[in-house]
1. Kindly rank 30-37, 46-53 from highest to lowest mean number of other beta carbons found within 10 Å of each residue.
2. Hey, can you rank 58-64, 71-77 by average C-beta count inside 10 Å, highest first?
3. For Cα extents along the principal axes in Å, which listed value, [x] 36, 33, 20; [y] 48, 19, 13; [z] 43, 35, 21, comes from the coordinates shown?
4. With θ taken as phi - 60° and the coefficients 6.51, -1.76 and 1.60, list the Karplus ³J(HN,Hα) couplings across the stretch 7-17 in order, rounded to whole Hz; mark glycine and proline as x.
5. Counting only helical runs of four or more DSSP H residues, what would the 222 nm mean residue ellipticity of the chain come to if each run contributes -39,500 (n - 2.57) and the total is spread over all its residues?
Amino acid sequence: QTAVLYQLVHGLGLVATGILARLGATRWLAAAGAAFIAGIALFCGSLYWLAATATSLGAVAPLGGMSFIAGWVLLAVHALAGERR
C-alpha cells in the first residue's frame, strides 16, 4: 500500500514536471524529473520487490526517499528561479 501511494503522489509530481517543461524547460526541471524517476524506481521498486519475494534489497529504499526529496527541492528551485536559467 505504501509503495502504491508514494508512486501515485510522485507520479503526479513527474507529470507536473513534464507539463512545466513543455512551457519552458530548464536544467532544474530535467534534474527534478530524473530524481522523481529514480525515486519511484528505487523506493517503490524495493517495496514491490519485498512484497513479491519477501527478501530485502538492503538500503535501497532510503536512496529512493532521498531522490523523492531531491525532486521536490529541484522543482521548488525551478519555481523560485523564475525566468533565470
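No lab work stands behind these numbers, since they all come straight from the coordinates. Being a predicted model, the structure only gives us computed values, none of them experimental. No Cβ is skipped: glycine too gets one built from the backbone with ideal geometry, and neighbour counts run over all protein chains shown.
1. The densest-packed peptide leads the list: 30-37, 46-53.
2. Ranked from most to least packed, the peptides come out as 71-77, 58-64.
3. It is the one labelled [y].
4. Per residue, the Karplus-derived 3J(HN,Hα) values read 5, 5, 4, 7, x, 5, x, 5, 4, 4, 4 Hz.
5. -26500 deg cm²/dmol
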